[in-house]
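Data first, discussion second: the structure below is written as structure tokens.
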Amino acid sequence: MNEWLLNNLVCPRDKQNLEYSDDRLTCTAGHVYPVFDDIPVMLVDDVETTHDYITRSLEKVRGSRSETEETVSKNGEIDEFVQGEIPYTSGIMYFSVQNKLTRYPIPETRLPKGSGERLLDIGCNWGRWSIAAAQKGYKPIGMDPSLDAVLAARRVSKQLGVETDFIVGDARFLPFADNAFDTVFSYGVFQHFSKDNVRISLAEASRVLKANGLGVFQMPNKYGIRSYQQRRRRNFTEGEGFEVRYWTPKELIETFEKQFGETKLSADCYLGLGVLKSDIDLLPMKYRAVVHVSEFIKKVNKVIRPLTNLADGVYLETINQKKK
């Protein structure tokens, strides 16, 4: 485990300092967190779970205290975990390429060019946004409740020659010291939380983000064209379990400004969530058309600003205005 993590990890329950010994991190109150194959597993096991990933990760570390040496895929080969997981991290269009990927879909991040800033990627899964941030000059820490996903993220980073670090954790209980990060980022994650859990998670994100630090979050818009179809399909219910919860632009702005301060909302994509131009070559023709239309509307949106309110996915960008 690297020195920065050792100095900045805290107990997710009470935020106390931790001591590292015998593949365990222990706080002064006696809470113990295993380190599995050099990956800290900082999950709280006595609260409501937001995903089966949490349960599976806890079962995995309880079943074994060590991991055999991981096999990193050769150049040109795609990690088996990523091949199977891709539609669950990138959206329903990617079921068409599940287990058929010819390259890693590393996205183009809208983050400004970095110069060594510490970045927390909340809900990193197999690491696509952490890798994109590292390639743009950041020092990312990717966090996800899935131990299997985090292990895959480490393998993929090694395969691509990118320097990243990963831990297992819960967005509601961030295991980091106050003001640990220059930037906090999350894409397509908080949409699966109840709105109360989103607010709890944002408060945690604000706590670990430095004053004047940058926060960038992607969220679903209730008024998006595809969003309306999905809400209608489930009879306009709020959503349960890991289903997407939809927010109005006003609701998003108010929620983020309460935690961080002034927040800018902008369009990410249209006609679905996670519609990314950078992945267009991986998709079949019918989905390439969706990407092209989404990109066209984004260009028109630069002139007709109210079109932002019809975007399915939106970005919230904010500067943390808490006192130092």
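Key figures
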{"read-out": "Cβ-placed point charges (K, R +1; D, E -1), dipole of the range 86-164 about Cα centre in debye, nearest 20", "value": "220"}
{"read-out": "Antiparallel bridges, percent of DSSP beta bridges restricted to the chain (to nearest 5)", "value": "55"}
{"read-out": "For the chain, size of Cβ-based charge dipole, Lys and Arg +1, Asp and Glu -1, in debye", "value": "1620"}
{"read-out": "Relative contact order (%) - the chain, alpha-carbon pairs under 8 angstrom, separation at least six", "value": "16"}
{"read-out": "Per residue Cα convex hull volume in Å³ - calculated over the range 129-180", "value": "74"}
{"read-out": "Ellipsoid semi-axes in whole angstrom, largest first, where each is sqrt(5λ) of the Cα gyration tensor of the range 1-94", "value": "28, 18, 13"}
{"read-out": "Per-residue ³J(HN,Hα) for the range 296-311, Karplus 6.51 cos²θ - 1.76 cosθ + 1.60, θ = phi - 60°, Hz, x for Gly and Pro", "value": "5, 5, 4, 5, 5, 4, 5, 9, 9, 4, x, 4, 4, 5, 9, 5"}
{"read-out": "Residue exposure sequence - CYS269, CYS124, CYS11 - by fewest surrounding Cβ within 10 Å", "value": "CYS11, CYS269, CYS124"}
{"read-out": "Charge tally in the Cβ shell below 12 Å around PHE190, where Lys, Arg are +1 and Asp, Glu are -1, PHE190 excluded", "value": "+2"}
{"read-out": "Å³ per residue enclosed by the Cα convex hull of the chain", "value": "135"}
{"read-out": "5 angstrom amide H check on GLY142, placed H, neighbours 5+ away", "value": "ASP121, ASP165, PHE166, ILE167"}
{"read-out": "Dipole-positive endmost among VAL189, THR102, ALA132 within the range 78-319 (Cβ charges, Cα centre)", "value": "THR102"}
{"read-out": "Reach of LYS277 by Cα under 20 Å, taken over lysines that are not fewer than 8 positions away in the same chain", "value": "LYS100, LYS113, LYS136, LYS286, LYS298, LYS299, LYS302"}
{"read-out": "Hz values of 3J(HN,Hα) by residue in the range 113-120 - Karplus curve (6.51, -1.76, 1.60), Gly and Pro given as x", "value": "4, x, 9, x, 5, 6, 10, 9"}
{"read-out": "Under 14 Å from the Cα of LYS60 - aspartates and glutamates, other chains or at least 8 residues apart", "value": "ASP37, ASP45, ASP52, ASP148"}
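Bear in mind that the values in this text are calculations on the coordinates, not laboratory data. Nothing here was measured: the structure is a model prediction, and the numbers come from that model. Reconstructed Cβ throughout: ideal geometry from the backbone, glycine too, with neighbour counts over all protein chains shown.
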